[in-house]
Amino acid sequence: MYNKKRSALVTGASSGIGKAFAKKLAKDGFFVIISGRRMDALNNLQKELGKDCCAVIPADLSTEKGCIDLYARVKPYNIDMLINNAGFGLFGEFTQTSLSKELEMIDVNIKAMHILFKLFLKDFVKRDSGYILNVASSAGMLPGPLMSTYYSSKSYVIRQTQAVREELRRKKSKVCVSVLCPGPVNTNFNNNAGVDRFTIHSISAEECAEYALKMLKKRRLMIMPTLTVKLLAVAVKVVPAEICAVGAYFVVSGKKR
């Protein structure tokens, strides 16, 4: 039963970073609403966290209706924090990857993020409080051969968040919007994307979530959990896009499962 503690919605909470966010937020005293498509995983997480501090609301965010329905269903919880985390990737050359899968990815990584960002932000602005963390990736800083649609989708998340942050700053809004840009994280992402491995070090989902929440509370715009990503953010400002694409190819060039 909802007990009127601070409340947070975490999308894509079935596993990986989303699951780690849910566990950390519950530990920090939030009532957490977890959402995703895998009911078995969500129910198991709720059992782990306890029904007194967690509610399950399944949603298919690949559809506009699914996004709007989720927003409507969490209204009674008076959400204080949105972790806009749902998303997935796809490995392969652009001419070889599935168009339907890419369009689904665009729907989840861009459209769903956009809808939930807008709907919750309007509520937060009205009451002049709240936190939104849009989960992007270091991939969004680069052109991404072999994962071009995924990289492009995460670039959208970064730029949208940066732009809205400036709008809020000019209005002197107390609402905080930030974007998380991790590098590789040890999750099921690689399996789902069809990648055997990446060629750079991965961090754990727990490390990523803990660092992200710490920086969100400090109201940082760009949250980058590792030194590698921070150096990348500097490098892409001076290195030509063509060279960045070459480097990204070697990072992404894992074996397709």
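Among the residues making up the stretch 201-253, those that are in contact with a helix residue (DSSP H, G or I) (Cβ under 7 Å, 6 or more places away or on another chain) and in a loop (DSSP other than H, G, I, E, B) are L221, M224, P225, V236. If you go through the stretch 124-157 and keep only what is crowded, with 20+ Cβ neighbours inside 10 Å and of a type in the set (A, V, I, L, M), you end up with I132, L133, V135, A136, A139, M141, L142, L146, M147, V157. Just give me the residues in the stretch 23-60 being part of a helix (DSSP H, G or I), free of Cβ contacts under 8 Å to residues at least 40 places away in the same chain and open to solvent by less than 10 Å² (accessible area, probe 1.4 Å), in sequence order. Matches in the stretch 23-60: L42, L45. Condition first: in a strand (DSSP E or B) and crowded, with 18+ Cβ neighbours inside 10 Å. Can you find one or more residues in the stretch 158-177 that meet it? Within the stretch 158-177 (the criterion being in a strand (DSSP E or B) and crowded, with 18+ Cβ neighbours inside 10 Å), the answer is yes, since at least one residue qualifies.
The values are calculated or read from the model by the stated rules, or taken from the named source; none is laboratory data. Predicted model only: the values in this text are computed from it and were never measured. Positions of Cβ are generated from backbone atoms using ideal geometry, with glycine treated the same way; all protein chains shown enter the neighbour counts. Quick note on the areas: whole protein, heavy atoms, side chains included, nothing else; ligands and nucleic acids left out. Shrake-Rupley method; radii C 1.70, N 1.55, O 1.52, S 1.80 Å.
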